[in-house]
Amino acid sequence: MDWLPALPFAGMLLGIALLPLLVPHLWEHPLAPFVLVFVCSAPVIVLAPGAHERHLLLHGIEEYIAFMALISALYVTAGGIHISGNPRGTPAVNVAFLGIGAVAASLIGTTGASMLLIRPVLDANQERRIKTHIVIFFILIVSNSGGMLTPLGDPPLYLGYLHGVPFQFPLTFWPAWLLAVGFLLGAFWLWDQRAYGREAEEDLALDQAHATAIRIDGKVNILVALGIIVCSASGLPSPWREGLYAGLIGLSLLLTPTAVREANTFHYGPLKEVAILFLGIFITMVPALHALEQIAPHLPVSSPVSLFMLTGGLSSVLDNAPTYLLFASLAAARAGHGTDLGALALHAPVLLSAVSIGSVLMGANTYIGNGPNLLVKAVAEGAGEARVQMPNFLTYAALAISILTPVYAAVAWLIL
């Protein structure tokens, strides 16, 4: 088996995973993502041997445009909703925030829900001293597990939708969603109750004295978000669907007061980085998927549990969106459906469910498993008086995996 076609894709994934850790200052340069994408994508484009390969590349770019249109619409819409106020940082209030975030994650995406709610959560707990666990559970629930029920929830599921998986298919994951979210909320409640009891009385008194009611500005974006959901579920083909996304983005920008976006410190930096990196991913993924289809019959991925663990394990250290697509395509090929994910959803739904649930849940295992993880960490560490000292990469991974291991075991045993 010739692995050369897959090397550019492997280079993209390893670059995204390792460069921020090995050369953080170099990676922070605005041109760094462009250089990585160019180095990995150029061989694929230049060496495309024939018309069929060029057609596949063009199709990959079309899927990239559809993918970024949705991500952009959710990002801009969430950035136009500002939640202000300072409720008390009690366990009950925190559980309510996380529960709302878990539902919102499937409606406006894990990125949208995370950016919408992380600042209100930090403000509510500003006076508390023991609060690192709050942000950790926020990442586990809002930035990952909550986005399991629709293609809008997490990038892997939307990639599946673009590859023919029915829009309603993720709704069948509701037992896993309920198990994961219910367990995590319960574990957080116990953890936060104990931490709250260890807070100094003067800090709790200050928290009560500073409490104010919640206010939501930019409510028109709730209607825009509903429009995105309807547009996504309608089955409109490209380019009409993407054109409607662009129109909804324009509507959000037009109707949202500038002060609301300024209060959210809204800017396009994270979206630009996602756009350039995923361009490289979609280009280099084309030959990698073709190579994967050829070796699929020889890999031990016929059981749901093995797919769940393999997909999840790689989603922990690589971005979970391309990892999902690789293993979903592998499962389809192994089941005799080529790379047709729609056929896999119809004829072997448990295999696609295993890949989907694994990529969504285990993307929480490290800071680099899912895009919102790093965004939340950055916001928490730079939140001024409400800032939270987050654990380093290895400590976070150890905590996340320890907390989530019962969820993985229960999903493998009860659901798959």
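Overall form of region 30-85: oblate. Here a/c, set by the Cα gyration tensor axes a ≥ b ≥ c, is 1.5 or more, and a/b is not larger than b/c.
Each listed q (0.09, 0.18 Å⁻¹) maps to a log10 I(q)/I(0) for region 1-142, found by the Debye formula over equal Cα scatterers with no solvent: -0.47, -1.10. Eigenvalues of the alpha-carbon gyration tensor of region 123-173, scaled by 5 and square-rooted, set the equivalent ellipsoid semi-axes at 33, 9, 7 angstrom, largest first. From the P(r) of region 283-333, can you give the percent of Cα pairs sitting at distances over 12 Å? Value for region 283-333: 61 percent of Cα pairs lie more than 12 Å apart.
Computed as a quarter of the hull surface, the mean projected area of the alpha carbon convex hull for region 174-282 stands at 11.7 nm². For region 192-249, compute Rg over Rh where Rg is the Cα radius of gyration and Rh is the Kirkwood radius from the inverse mean 1/r over Cα pairs. We get a ratio of 1.41 for region 192-249.
The figure for Lys219 is an accessible area of roughly 120 square angstrom, using a 1.4 Å probe on the protein chains alone.
From largest to smallest, the equivalent ellipsoid semi-axes obtained for region 155-215 from the alpha-carbon gyration tensor read 40, 16, 9 Å.
Convex hull of alpha carbon positions in region 106-150: directionally averaged projected area 2.9 nm².
What number results when the radius of gyration of the chain, computed over Cα atoms, is divided by 2.2 N^0.38 Å?
Numbers: Rg = 21.1 Å, N = 416, 2.2 N^0.38 = 21.8 Å.
Ratio of Cα Rg to 2.2 N^0.38 Å: 0.97.
Might you tell me the accessible area per residue for the chain, computed with a 1.4 Å probe and given in Å²?
Working: 17650 Å² over 416 residues.
The answer is 42 Å² per residue.
Between Thr172 and Val35, what is the FRET efficiency for a Förster distance of 60 Å, r being their Cβ-Cβ separation, to the nearest 0.05? Working from the Cβ atoms, E equals 0.90. Just so you know, the Cα atoms of region 286-416 work out to an Rg and Dmax of 16.6, 56 Å.
Note: region 234-324, Cα convex hull, 179 Å³ per residue. For Ile415, the accessible area of its heavy atoms, probed at 1.4 Å with every protein chain present, is near 60 square angstrom. Charge tally around Ile83: other residues with Cβ under 15 Å, Lys/Arg +1 each, Asp/Glu -1 each, net +1. Gain on full extension, evaluated as 0.36 nm per residue between Ala205 and Val230 minus their Cα-Cα distance, stands at 4.5 nm. Carbon-plus-sulfur fraction of the accessible area of the chain, 1.4 Å probe, in percent? Of all accessible area on the chain, carbon and sulfur atoms account for 71 percent. A Förster radius of 51 Å, combined with the Cβ-Cβ distance separating Leu253 from Val23, puts the computed FRET efficiency at roughly 0.90. When the chain is treated as a GNM with alpha-carbon contacts under 10 Å, the residue of Pro372, Pro24, Pro175 showing the greatest mean-square fluctuation is Pro24. Which helices of the chain meet both criteria: a Cα extent of 30 Å or more along the helical axis and a mean Kyte-Doolittle score no lower than 0.0, with helices taken as whole DSSP H segments? Flagged H segments are 51-79, 174-197, 269-295. Ranking of Ile61, Ile249 by solvent-accessible surface, largest first: Ile61, Ile249 (1.4 Å probe, protein heavy atoms only, all chains present).
So for the chain, taking the charge dipole from beta-carbon charges (+1 Lys/Arg, -1 Asp/Glu), which of Gln208, Leu223, Ala364 sits furthest toward the positive end? The residue sitting farthest along the positive end of the dipole is Gln208.
For Cys40, the accessible surface of its heavy atoms amounts to roughly 10 Å² (probe 1.4 Å, protein chains only, rounded to the nearest 10). Compute the whole-percent fraction of alpha carbon pairs in region 97-255 spaced more than 28 Å apart. Across region 97-255, Cα pairs with separations above 28 Å total 32 percent.
The values are calculated or read from the model by the stated rules, or taken from the named source; none is laboratory data. As the structure is a prediction and not an experimental result, all values here were calculated from the model. Methodologically, a virtual Cβ is constructed for each residue, glycine included, from the backbone with ideal geometry; neighbour enumeration extends over all protein chains shown. SASA here: full protein model, heavy atoms, side chains in, ligands and nucleic acids out. Shrake-Rupley method; radii C 1.70, N 1.55, O 1.52, S 1.80 Å.
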